[in-house]
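The values are calculated or read from the model by the stated rules, or taken from the named source; none is laboratory data. This is a predicted model, so every value here is computed, not measured. All Cβ positions, glycine included, derive from the backbone under ideal geometry; neighbour counts span all protein chains shown.
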Amino acid sequence: MIRTSGLTKVYGSIRAVDDLTFDVVPGAVTGFLGPNGAGKSTTMRMIVGLDRPTAGTATVAGRAYAALPAPLREVGALLDAGAMHPGRTARSHLRVAARTHGIPFARVDEVLEQVGLAHAARRRIRGYSLGMRQRLGIAGALLGDPQVLLFDEPVNGLDLDGVRWIRSLLRGFADEGRTVLVSSHLMSEVQLVADRVVVIGDGRLVADSTVAELLGRAGGPRVRVCTPRADDLLRHLPAHAVAERTGTHELEVSGVAPAVVGDLAHAVGVPVHHLSEVEQSLEHAYLALTGQQVDPVPEGVAR
Amino acid sequence: MSPALTLVRAGRAEWSRIWTVRSSWVFALALLVVVLGFGAVIGNDAASDPAGVTPGSTAWDGIRFTGMFALFGLVAMAVVVATGDHATGGIVPTLQWTPRRGMLLAARTAVVAGTTTLLGLLCMAAGAVVVWTFVPHLGLPVADGLALVGEMGVVLACGTLLAVGLGLATRSTAASLVLAIALLLVGPLLLAQLPYDWTLTVATHLPGSGALFLIFGEGPSDDMTTTSARLTMAAWSLAALAAGGWRLLATDADR
């Protein structure tokens with residue numbers, strides 16, 4: 001169990017994390033969502049004691065991370081895949097970690113095998129691709145066979161096989177009853193694997209619920225319509241329908257069945273090139289939640 | 001895990017950190033080559049010009065001045081090792097593995113300064129053996145060797161502790177090296193040349209002057225003694241470690 005309570009981090013005049021309170025429960029994958037600069041990484045860094053909170057607390061299994069007797073055996077964290085000495089080999093990097101906890105070196109080889117890096121174990125990290133560094137970071141997180149896992153953007157740099165692998169890894173850990181917190185800006189990815197989501201914006205908590213609850217809150221299934229006369233169709237939709245323009249010739253309508261939209265278009269003589277029902281997406285729910293509350297920060301801009 | 005076990009394991013990890021990167025081996029090898037090289041030159045000179053050898057001196061005396069090379073080489077090595085984590089971002093996993101920062105500070109300080117000091121002493125001892133092979137009649141008395149190890153040990157330990165402290169305080173390899181060179185070499189040389197009493201006083205109280213006095217027996221001021229030189233070096237090392245320790249203990253990992 002990870003618990004944050006009133007967690008706050010202030011850098012000068014910027015409140016990177018603002019009075020954040022949430023729990024990450026065992027036995028579930030919890031997605032940690034928010035725009036770039038929302039405070040996700042800062043929150044995770046405070047959980048593992050890298051950054052000192054301005055106020056509030058973060059605990060793992062009821063203790064501050066630094067107070068855990070053997071932190072590597074209780075928490076595995078991948079926070080920054082690039083944060084390694086490039087002059088070391090992967091095996092040396094993990095052996096240094098193993099020495100801090102008296103973990104047998106055989107376990108090092110085991111996790112390198114598990115993440116698919118056994119063949120490159122003796123190569124220096126400076127020659128690794130981003131995906132390989134990501135896998136090495138994951139190997140470090142798994143080294144102590146911990147009950148709690150924190151992954152900050154774990155699929156960055158991974159190829160399709162890697163993405164599928166990390167997805168099954170996270171699912172497997174949660175199914176074993178472990179606590180899994182994973183941040184990502186890839187909503188579709190989070191929707192595939194997460195049971196719960198914690199959404200933050202501008203450092204504040206926006207939502208903390210199951211994925212199903214969040215999707216339900218954003219409305220039921222929607223109807224996607226492609227038509228060259230979208231404005232005409234919009235004018236004739238029933239008053240209780242909620243429509244959103246998603247493109248020049250595309251609408252998404254909620255609150256009415258696809259058949260109703262099709263019949264209506266036929267009745268008013270609007271040509272329809274495409275009509276389908278789409279399931280509510282986490283991305284849509286996320287945008288609905290954060291759109292009014294968060295000014296998205298462009299990619300690559302740190303806060 | 002008990003605190004003692006945590007500290008021991010953190011120390012073992014620090015030892016691995018030092019010797020699993022190539023730069024440490026390059027520093028060690030370079031220092032060994034320089035000290036052995038000077039040992040050969042000095043030994044050869046003494047063998048070819050016996051009249052130039054100070055009566056009563058031993059092979060240990062011949063190698064004494066290489067302590068200055070050892071000091072600078074090992075200070076550079078300690079700076080590179082102490083700042084390596086911050087230069088590469090490696091401090092992120094390091095503090096995840098050893099989140100008790102006091103433990104990390106103690107382990108890093110002891111292992112880096114201890115290892116580099118021991119390395120310097122071993123190189124100097126090897127250098128003395130090289131001198132002795134050229135002029136065996138000078139002798140290689142154990143008592144003199146232990147005395148030299150004691151004297152140089154203080155110099156090298158203070159120098160490398162200063163380097164670790166600067167590295168932790170600045171978290172920058174370049175800044176630490178500039179500061180170390182300023183305090184150990186440029187500051188004492190420059191300030192002692194200026195025609196003011198106060199600059200001479202400042203120069204006398206810089207760690208480089210202390211090292212100079214302890215290695216060569218003379219410094220910028222006649223008032224210097226072995227005790228004052230040791231105290232000067234120790235005070236600077238402790239001050240640097242206090243600054244570095246505060247930075248590690250009280251601030252965010254890599255900001």
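Quick check on this structure: which one of B:GLY43, B:GLY52, B:GLY89 is more than 24 Å from the chain's Cα centre (by Cα) and at positive phi?
Going through B:GLY43, B:GLY52, B:GLY89 in turn, the sole match is B:GLY89.
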Could you look through the range B:80-104, keep only residues that are more than 7 Å from chain A (Cβ to nearest Cβ), over 18 Å from B:SER172 (Cα atoms) and not hydrophobic (A, V, I, L, M, F, W, C), and pick out the one that is surrounded by the fewest Cβ atoms within 10 Å (Cβ to Cβ)?
B:GLY102
Output yes when any residue across the range A:249-258 is modelled with pLDDT of 75 or more, within 29 Å of A:ASP208 (Cα to Cα), out of contact with any Gly (no Cβ under 6 Å at 6 or more places or on another chain) and of a type in the set (D, E, K, R), and no when none is.
yes
Would you mind listing the helices (runs of 4 or more DSSP H) fully within the range A:25-120 where at least 1 residues are of a type in the set (A, V, I, L, M) and either under 22 Å from A:VAL197 (Cβ atoms) or at the interface with chain B (Cβ under 8 Å from one of its Cβ atoms) (or both)?
A:40-47, A:71-74, A:90-101
Does the range A:135-149 contain at least one residue that is assigned to a loop (DSSP other than H, G, I, E, B), facing chain B (nearest Cβ under 10 Å) and modelled with pLDDT of 95 or more?
yes
Away from chain A (no Cβ under 14 Å) and in contact with an Asp or Glu (Cβ under 7 Å, 6 or more places away or on another chain) - does that describe any residue in the range B:60-79?
yes
Filtering the range B:20-59 for residues that are of a type in the set (Ser, Thr, Tyr), assigned to a loop (DSSP other than H, G, I, E, B) and away from chain A (no Cβ under 14 Å) leaves a count of 3
Find the residue count for the range A:209-223, including only residues that are charged (D, E, K, R) and surrounded by 18 or more Cβ atoms within 10 Å (Cβ to Cβ).
1
Is it true that some residue in the range B:138-154 is in a helix (DSSP H, G or I), within 14 Å of another protein chain (Cβ to nearest Cβ), touching a residue at least 40 places away in the same chain (Cβ under 8 Å) and not aliphatic (A, V, I, L, M)?
no
From the list A:ARG167, A:ARG204, which one is surrounded by fewer than 23 Cβ atoms within 10 Å (Cβ to Cβ) and in contact with a helix residue (DSSP H, G or I) (Cβ under 6 Å, 6 or more places away or on another chain)?
A:ARG167
Residues that are under 21 Å from B:GLY84 (Cβ atoms), modelled with pLDDT under 90 and either among the aromatic types (Phe, Trp, Tyr) or buried (at least 21 other Cβ atoms within 10 Å of the Cβ) (or both), drawn from the range B:220-255
B:ALA253
Please give the number of the condition B:ARG17 fails out of (1) more than 7 Å from every other protein chain (Cβ to nearest Cβ); (2) touching a residue at least 60 places away in the same chain (Cβ under 8 Å).
(1)
Between a first residue in the range B:231-255 that is free of Cβ contacts under 8 Å to residues at least 24 places away in the same chain and a second residue that is in a loop (DSSP other than H, G, I, E, B), which pairs have beta carbons less than 9 Å apart while being 6 or more apart in sequence or on different chains?
B:ALA235/B:HIS205; B:ALA250/A:ARG52; B:THR251/A:ARG52; B:ASP252/A:LEU50; B:ASP252/A:ASP51; B:ASP252/A:ARG52; B:ARG255/A:ASP51
I'd like to check something: does the range B:63-78 contain any residue that is farther than 30 Å from A:ARG52 by Cβ and outside any helix (DSSP H, G or I)?
yes
